[in-house]
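Inspection log for the structure reproduced underneath, given as structure tokens.
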Amino acid sequence: MDGSYIGRWIAFLAAPLITLVSGFVALKANAWFGLNLNSAEVAAYVGGVVLSIGTALGVWLHNRGKYEIASLAHTDPATIEAIEKLLEAKGPTPPASPGGRAAPKGV
């Protein structure tokens with residue numbers, strides 16, 4: 001492993017800062033452009049921004065984790081993914097949903 005702490009920086013510094021900045025931008029855009037948004041509309045905008053950026057950061061961190069595991073195991077990320085799928089296939093069957101159908105595997 002390269003000793004990088006980029007995952008920690010993203011998860012614990014960048015994500016909260018983006019949340020704060022998106023709220024500030026929403027409020028300033030409301031004032032600058034005269035949008036006359038009420039607080040619920042500003043909150044919805046900030047929520048959408050935070051969720052979309054949070055999802056992107058989560059996917060990035062997941063993939064970065066696979067890379068770091070692969071580098072520690074001296075293999076490639078595709079091998080790690082194959083091992084994950086094998087472990088998921090050998091796991092217990094998910095419980096049936098209230099509608100009577102079983103949940104799909106791997107979810």
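Positive contributions from Lys and Arg (+1) and negative ones from Asp and Glu (-1), summed over other residues with Cβ under 12 Å from the Cβ of Ala82, come out at -2. Projecting the Cα atoms of Leu87, Val25, His74 onto the charge dipole of segment 1-95 (Cβ charges, centred on the Cα centre) puts Val25 farthest toward the positive pole. Its alpha carbons give the chain an Rg and a Dmax of 20.3, 57 Å. Spin-label pair Val59-Leu86: with each label point 7 Å from Cα along the Cα-Cβ axis, the two points sit 2.8 nm from one another. Contact order, relative form, for the chain: 21 percent (alpha carbon pairs under 8 Å, 6 or more residues apart, mean separation divided by residue count). Among residues other than Leu61 with Cβ under 13 Å from its Cβ, the summed charge is +2 (Lys and Arg +1, Asp and Glu -1).
Coordinate-derived values only; no laboratory data. These numbers come from a predicted model, not from an experiment. Neighbour counts run over all protein chains shown; Cβ positions are idealised from the backbone, glycine included.
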